[in-house]
1. To the nearest 20 debye, what is the magnitude of the charge dipole of the chain about its Cα centre, counting +1 on the Cβ of each Lys and Arg and -1 on the Cβ of each Asp and Glu?
2. How big is D, in µm² s⁻¹, for the range 2-65 by Stokes-Einstein at 25 °C and 0.890 mPa s if Rh is the Kirkwood radius over C-alpha pairs?
3. Against the longest alpha carbon principal axis of the chain, how many degrees, from 0 to 90 and to the nearest 10, is the axis of helix 10-24 turned?
4. Which of the aspartates and glutamates could be linked to residue 10 by a straight reach, that is with a Cα gap under 16 Å, when you skip same-chain ones fewer than 8 residues away?
5. Excluding residue 30 itself, what net charge comes from residues whose Cβ is under 10 Å from its Cβ, given Lys and Arg +1 and Asp and Glu -1?
6. If contacts are Cα pairs under 8 angstrom and at least 6 residues apart, what is the relative contact order of the chain in percent?
7. In the chain, if the dipole is taken from +1 on Lys/Arg beta carbons and -1 on Asp/Glu beta carbons about the Cα centre, which of 56, 20, 9 is farthest to the positive end?
8. Taking the 0 to 90 degree range and rounding to the nearest ten, how far is the long axis of helix 44-54 tilted relative to the main principal axis of the chain, both from C-alpha atoms?
Amino acid sequence: MILHTQSYTKTKNLNLSRELNEKFGFSSEVILHKKKYFVVKFNSKDALTLHNLIKPYIIESMKYKIPVC
């Protein structure tokens, strides 16, 4: 799973990744996407955990953006 945070700087992405890793025990990392943007990437296990954490808060019209797990 990738959080498309292209509008964030590399530093802000690193801060976000670090906070998520510390607070939720994830192993997310910041990667360069399309050789242009920095994004936060989650492994499969962490993606499932993140999905379960945010699922109750996703509004109906946006649920199509979250894969069914």
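1. Approximately 300 debye in magnitude.
2. The estimated diffusion coefficient comes to 197 µm²/s.
3. 50 degrees
4. Counting by Cα, and skipping residues close in sequence, residue 10 has these aspartates and glutamates nearby: 19, 29.
5. +3
6. 31 percent
7. 9
8. Helix 44-54 and the main axis of the chain meet at about 60 degrees.
Only the coordinates and a few stated rules stand behind these numbers; no lab work does. For clarity, every value in this text was computed on a predicted model and none was experimentally measured. Using ideal geometry, Cβ is built from the backbone for each residue, glycine included, and neighbour counts are taken over all protein chains shown.
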